[in-house]
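Inspection log for the structure reproduced underneath, given as structure tokens.
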Amino acid sequence: MLKGKNLIEPLDFTTEELEKLFVLSNKIMDKPLDFSECCKGDILATLFYEPSTRTRFSFETAMLRLGGQVIGFSGENASSAAKGESIADTLKAIGCYADIAVIRHPKEGSALVASKNAGIPVINGGDGGHQHPTQTLTDLLTIKREKGRLANLRVGFCGDLLFGRTVHSLIRALSRYEGIEFILISPEELKVPEFVRNDILRGKDCKYCEVTDMLDVLPQLDILYMTRVQRERFFNEEDYIRLKDSYILDEEKMLLAPKDMIVMHPLPRVNEISVEVDTDPRAKYFVQVKNGMYVRMALIMSLLGKK
Ligand code: CP
């Protein structure tokens, strides 16, 4: 039972609980109108201290499609945080108004602080370069629907593996399934952080390798998970400019990829996937966007204890 829980990091839910969420997501996808009044009378608060398109709008449309209502703000100056209010106090106030809240904040650990003060279920919509667990739900649901399984997969993560919180969360989540092999493709400067290498990859004895050349490994992959170089987390603009176009997936490179490989990306993209790849049937990043709304509908229902 997920009723009343928070979702702060990907391992907050067991694999059995995730499986139930995916079953519910598929049911909603099949017959969305059957769920259109499930959350009537409930209010979702969206607290976005950082920009977002998909996470915020998918949560908001998810709640509206469930018959609930939405309050919220977007931007670090759009709430009393601009006057110096702490996250703890903001969440104590939001807990008086709403039934469930989503928070995105540039500081690692902020969602955890929020969850300890709100008194209502809190969902982490991304905390700095740390975790993004609802993107992980989206990614796992997409992998399950497109590949038919969450085990025995060779998954290539490519790009900014240092700051990419969606990568950290998905590696953590996939590390619980059998037969997963991680191929980590990045420039030296953007390799996965130590907490991912030590706690997850080495700590759980995962099969993994770190490489710099995408073309060497592309023919071996079941999934290629591309990521944007995260300009907003660099200390130095020169480093960003030097590294931003390290990997660009285009039609020519896709010729080297297996016919049944899928390409994923949490989006937004900048240059790392050419638009010509969008029409390749292996490109699944816009499928991910749609799956994200349905899995968030299932998540809201589950945390609020709705049948
Ligand atoms: N994938 C994702 O988190 O996108 P947004 O930044 O647009 O929410």
FRET E, pair E210, K27, Förster distance 45 Å, beta-carbon r, rounded to 0.05: 0.70
Proximal charge balance of V155 [Cβ under 15 Å; K/R count +1, D/E count -1]: +3
Three principal axis lengths of segment 196-251 [C-alpha, angstrom, descending]: 36, 33, 15
Accessible area expressed per residue, the chain, with surrounding protein chains retained (probe 1.4 Å, Å²): 44
Charge dipole (debye, nearest 20) of the chain; +1 at Cβ of Lys and Arg, -1 at Cβ of Asp and Glu: 1180
Centroid-to-centroid separation of segment 247-287 and segment 1-63 [C-alpha atoms, Å]: 27
Binned Cα-Cα distances of segment 117-234, short to long, each 10 Å bin given as a whole percent: 13, 46, 33, 7, 1
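Full extension from A93 to L255: what is 0.36 nm times the residue separation minus their Cα-Cα distance, to one decimal in nm?
The A93-L255 span can extend by a further 52.9 nm.
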Charged-residue dipole, Cβ positions (Lys, Arg, Asp, Glu), segment 74-175 about Cα centre, Debye nearest 20: 440
Segment 1-160 - Rg over Rh from alpha carbon coordinates, Kirkwood radius: 0.97
Nearest-ten-degree value, helix 285-303 long axis tilted from longest Cα axis of the chain: 30
Within the accessible area of segment 133-288 (1.4 Å probe), percent carbon and sulfur: 48
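Highest mean first, how do 262-269, 81-88 rank when packing is the count of other Cβ atoms within 10 Å averaged over residues?
So the peptides 262-269, 81-88, ranked by packing, come out 262-269, 81-88.
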In degrees, nearest ten, helix 165-174 long axis to first principal axis of the chain (Cα): 80
Residues I71 and D34, FRET efficiency given R0 of 35 Å [Cβ-Cβ distance, rounded to 0.05]: 0.85
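Shape verdict for segment 179-300, please, from the Cα gyration tensor: rounded (a/c under 1.5), prolate (a/b greater than b/c) or oblate.
rounded
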GNM result for the chain, Cα springs below 10 Å: residue of N236, N271, N124 fluctuating most strongly: N236
Gaussian network model of the chain, Cα within-10 Å springs - most flexible of Y285, Y208, Y225: Y208
Projected-area mean, the chain, by convex hull of Cα positions, square nanometres: 15.2
Using alpha-carbon coordinates, inclination of helix 133-147 to the longest axis of the chain, degrees: 50
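The values are calculated or read from the model by the stated rules, or taken from the named source; none is laboratory data. Quick caveat: nothing in here was measured; it's all calculated off a predicted structure. Because the Cβ atoms are built from the backbone with ideal geometry, glycine has one as well, and the counts that use them run over all protein chains shown. Note: areas computed on protein heavy atoms with side chains; ligands, DNA, RNA excluded. Shrake-Rupley method; radii C 1.70, N 1.55, O 1.52, S 1.80 Å.
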